[in-house]
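Encoded as structure tokens, the structure appears first; notes follow it.
What follows draws every value from the coordinates through simple rules; no lab data is involved. If you're wondering where the values come from, they're calculated on a predicted model, not measured in any experiment. Note that each Cβ is placed from the backbone with ideal geometry, even for glycine, and that neighbours are counted across all protein chains shown.
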Amino acid sequence: MERYHLVIISGVSGSGKSTALKAFEDLGYFCVDNLPAPLITPFVDFLEGLSSGAAATFQNYTKFALLVDFVDENYFPLIEQAVFRLIKAQTEVTLLFFDCQDEVIIRRFQETRRPHPLLAVQGSGSTIREALMRERELLSDFRAAAARVIDTTSFSPHDLRRTVLSFAKGDKASSPELEATILSFGFKYGVPADVDMILDVRFLANPHFVPELREHTGLEQVVEDFIFQSVEATEFVDRVLDLLQFLVPKYQAEGKSYLTVGIGCTGGQHRSVAIARKIAERLQISGVSAKTRHRDVTRTNS
């Protein structure tokens, strides 16, 4: 008998669920977007019909992805019943939860000028933050039951797609590979919200005060040479590498798929950029997947 696989996707609104569903579709999954609660039982009947050979039209599909949004307390019990029935019918079921930091979600809603789905339910007087609090309450049971929680706080759409592709193709029982992002930034423009830890390199000599270096950035060799003529810069990178090489396996064992380390200097042009590049380079040499982002390097120097 053909064995079927169903991925049930849910998570916080604005966390990238729809993008993830499209990635599953590209992998050959038959995808259903935002199925209403009353239709969960008919959907399970449909999948059981596949197993029995009754639904011949869909015999070319063995993989299905279902995106569900929670708008009341009655949704998760229906999901539990569906999972129980499908497992008895020898259908493999995986719950996948997408999460994101509240501040990033609020910014995404503000940028797209779209209302949070629960605002219509809670009333026009509610705020996005209040809707998020309510949504997290409704999602708590699903999140606890999920086989994998994917935090998209620091993800671009491409990062999210790569993560879904890796999840769908890989061994779901193994720990995901952790990707480290080393993010340079300037404190004068604010501390980034989407970081796991912050390191301050303002103790190093500032190339901004060297006239011939002021208009250059840490992306250029002349600035890197200036910064790393300091013993303290090299020692700082060595100590950070020791810390990260200790932490990365621990985070990975706990299922964390990304780590974002913020490296800050005054303006985010020189010191933080060069140090971030060096840390990422050393991580890659040590076998850790690492990339850099430079939040403020394109800003006008001042």
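Some points to look at:
- Using Cβ point charges alone (K and R +1, D and E -1), the dipole size of the chain about the Cα centre works out to roughly 280 debye.
- Mean ellipticity per residue at 222 nm, deg cm²/dmol - from DSSP H runs of n ≥ 4 across the chain, formula -39500 (n - 2.57): -13500 deg cm²/dmol
- Close amide-amide hydrogen proximity is noted between Phe30 and Lys63, Phe64, Ala65, each under 5 Å apart and 5 or more residues distant or on a separate chain (H modeled in the peptide plane; Pro and chain starts excluded).
- Between helix 17-26 and the chain: long-axis angle, C-alpha atoms, 0 to 90°, nearest 10: 70 degrees
- Candidates Ile182, Ile87, Ile279, ranked by Gaussian network fluctuation over the chain, Cα under 10 Å, top entry: Ile87
- Taking the longest Cα principal axis of the chain as reference, the axis of helix 157-169 is set at about 50 degrees.
- Projecting the Cα atoms of Thr91, Ala146, Leu219 onto the charge dipole of the chain, computed from C-beta unit charges around the Cα centre, puts Leu219 farthest toward the positive end.
- Residues of type aspartates and glutamates that Lys250 reaches as a straight line, Cα spacing below 16 Å, ignoring anything fewer than 8 places off in the same chain: Glu177, Glu179, Asp196, Asp242
- Rounded to whole Hz, the Karplus (6.51, -1.76, 1.60) HN-Hα couplings of the stretch 256-269, x for glycine and proline: 6, 9, 8, 9, 10, 10, x, 10, x, 10, 5, x, x, 9
- Residues whose amide H lies under 5 Å from that of Ile150, counting only those 5 or more places away or on a different chain, are Phe97, Phe98, Asp99; hydrogens are built 1.01 Å from N in the peptide plane.
- HN-Hα J in Hz across the stretch 212-225 - Karplus 6.51, -1.76, 1.60, θ = phi - 60°, x for Gly and Pro: 6, 10, 4, 8, 9, 10, x, 6, 9, 4, 5, 6, 4, 4
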